[in-house]
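Asker: Take a look at this one; I'll ask things after.
The values are calculated or read from the model by the stated rules, or taken from the named source; none is laboratory data. No experiment lies behind these values; they were computed from the predicted model shown. So basically every Cβ, Gly included, is an ideal-geometry build from the backbone, and we count neighbours across all protein chains shown. Just the protein is used for accessible areas: all its heavy atoms, side chains included, with ligands, DNA and RNA removed. Shrake-Rupley method; radii C 1.70, N 1.55, O 1.52, S 1.80 Å.
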Amino acid sequence: MTREMKRILVTGACGQIGSELTLALRERYGHENVVASDIRTPPCAILQDSGSFEFLDVTRREALEAIVRKYRIDTIYHLAAILSATGEKNPHLAWGVNINGLYNVLEVAREHDIARVFVPSSIAVFGPETPRDPAPQETVLRPTTMYGLTKVTGELLGAYYVRRFGLDVRGVRYPGIISAETPPGGGTTDYAVEIFYEAIQHKRYTCFVREDTVLPMMYMPDCIRAAIMLMEADFSRLRHHTDFNVAGLSFSAGELAAEIKKHIPDFVCEYAPDFRQQIADSWPRTVDDRAAREEWGWAPQYDLPTMVADMLEQLRRKLQA
Ligand code: NAD
Ligand code: AKB
């Protein structure tokens, strides 16, 4: 499936990834062909003005079905979710949105002959028993967070729909995503975005994980490329479907601060770990993404210096505006 893919629904389109992925999809497949949806109001006018927008709670199956019918949707990017830190504060909500919401999406997709569904997984599927450097593609999946638990279940459920019903469900295990447009929504990796806002605005940041904490991360342009590349890949080449490891870059919180300091010499970063440290410590430092490279040609384009330079430029422009 390439550019002839026509009628796309994005759930959770107002979030960190959705707000930028929706615009990229509109550019690629036509503004009139990409419907954004969320339970909240779009964070920027362009998301609302550049195509259709619908309020949609994914836990309400009839509402989802009505939108699929109304727009004759044939492809869904399902991004609505509760992330790790919010999920630990409210595990019931995380289960409800991440599991029941996904089940609704898969069932509606099955009943309405949807051609393809994208469901992101996360490095949160890994746990303390997973090898950390790198986390293999095939490995122990025993996460300790409710978010991670829902992501493992999501991968398995998606793979079941591929096998049992022939529904084309695809997904990557995203690392922490770094971006300048929409702030992240309650994850453990949020420090890697907050640090940029604080460095530019106050030249100080108190980081909620230790200086030596290393996690896999990815810059937003690579995140969007990964979604589109996987969704356009030839199905016959895929041996995996819903669980591709994808590496971007891995660095410690201290290395990130040092790279920012090269651009803002008087920037000071302090460290005061909170409950999110334990979550970070249960995740790997790097991931082995050979399956994604071999099956659909994945390769990231940003490293730490290029990501930091671009991030500072984008964010300065945004904050000045
Ligand atoms: P986000 O929290 O920024 O956005 C999620 C969106 O879902 C929000 O706009 C929220 O309003 C919406 N939402 C919440 N409950 C909903 C409901 N019941 N119905 C409809 N919408 C609802 O998250 P994100 O970072 O954009 O993540 C998108 C996807 O990517 C998620 O599946 C997440 O697990 C995955 N992911 C993200 C990261 C990351 O670092 N951002 C990393 C790994 C995986
Ligand atoms: C989080 O920290 O919860 C997310 C993720 C890695 O899934 N950014």
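Asker: In Å and on Cα atoms, what radius of gyration and Dmax does segment 6-65 show?
Answerer: Reported Rg and Dmax, both Å: 10.6, 29.
Asker: Where is the GNM fluctuation largest for the chain (alpha-carbon springs, 10 angstrom cutoff): 292, 309, 135?
Answerer: Of 292, 309, 135, the most mobile in the Gaussian network model is 309.
Asker: Ignoring ligands, DNA and RNA, what percent of the 1.4 Å accessible area of the chain is carbon and sulfur?
Answerer: 50
Asker: Would you mind telling me which residue in 255, 88, 155 has the biggest mean-square fluctuation in a Gaussian network model of the chain, where springs connect alpha carbons within a distance under 10 angstrom?
Answerer: 255
Asker: I would also like to ask the following. How many lysine pairs does the chain hold where the Cα atoms are under 30 Å apart and the two sit 8 or more places apart or on different chains?
Answerer: Counting lysine pairs in the chain gives 10.
Asker: So for segment 137-269, what percent of the C-alpha to C-alpha distances run longer than 17 Å?
Answerer: 66
Asker: Which of the peptides 62-68, 73-79 is most tightly packed, and how do the rest follow, going by the mean number of other Cβ atoms within 10 Å of each residue?
Answerer: Descending packing order for the listed peptides: 73-79, 62-68.
Asker: Do any chymotrypsin sites (Phe, Trp or Tyr not before Pro) in segment 208-295 lie in a loop, going by DSSP, with at most 14 other beta-carbon atoms within 10 Å of their beta carbon, and if so which?
Answerer: Hits after loop and neighbour filter: 275.
Asker: Under the 0.36 nm per residue contour assumption, what length would be gained going from the current alpha-carbon distance of residue 203 and residue 44 to full extension?
Answerer: Roughly 54.6 nm would be gained on extension.
Asker: Once you keep just the Cα pairs under 8 angstrom separated by 6 or more residues, what percentage relative contact order results for segment 1-126?
Answerer: Normalised by residue count, the contact order of segment 1-126 is 26 percent.
Asker: For the chain, list log₁₀ I(q)/I(0) at each q in 0.13, 0.16 Å⁻¹, using the Debye formula over Cα point scatterers of equal strength and ignoring solvent, two decimals each.
Answerer: Listed by q, the Debye log ratios stand at -0.93, -1.43.
Asker: Further question on the same structure: Please identify, among 221, 175, 305, the residue showing maximal mean-square fluctuation in a Gaussian network model of the chain using a 10 angstrom Cα cutoff.
Answerer: Top of the fluctuation ranking is 305.
Asker: Same structure, new question: Report, to the nearest 10°, how far helix 304-320 tilts away from the longest principal axis of the Cα atoms in the chain, using its own Cα long axis and a range of 0 to 90°.
Answerer: That works out to roughly 80 degrees.
Asker: Please compute the contact order of the chain in relative form: average sequence separation of alpha-carbon pairs under 8 Å and at least six residues apart, divided by the residue count, as a percent.
Answerer: 18
Asker: Alpha carbon centre of segment 271-310 versus segment 1-65: separation in Å?
Answerer: The two parts, judged by their Cα centres, are 26 Å apart.
Asker: Using the alpha-carbon atoms, what tilt in degrees (0 to 90, nearest 10) does helix 61-70 show relative to the longest principal axis of the chain?
Answerer: It is inclined by approximately 70 degrees.
Asker: Continuing with the same structure: As a test of the formula, what do you get for the chain when each DSSP H run with n ≥ 4 contributes -39,500 (n - 2.57) and the sum is divided by the residue count, at 222 nm and rounded to the nearest 500 deg cm²/dmol?
Answerer: Rounded to the nearest 500, the figure is -12500 deg cm²/dmol.
Asker: Here's something else I'd like to know. Can you tell me the accessible area per residue over segment 253-302, all protein chains present, probe 1.4 angstrom, in square angstrom?
Answerer: 48
Asker: Note the angle between two axes, namely the Cα long axis of helix 220-232 and the longest principal axis of the Cα atoms of the chain, as a number of degrees from 0 to 90, rounded to the nearest 10.
Answerer: The angle comes out at about 20 degrees.
Asker: Then there is this: Calculate the length of the line joining the C-alpha centroid of segment 112-131 to that of segment 166-188, in whole Å.
Answerer: Centre-to-centre (Cα) distance: 10 Å.
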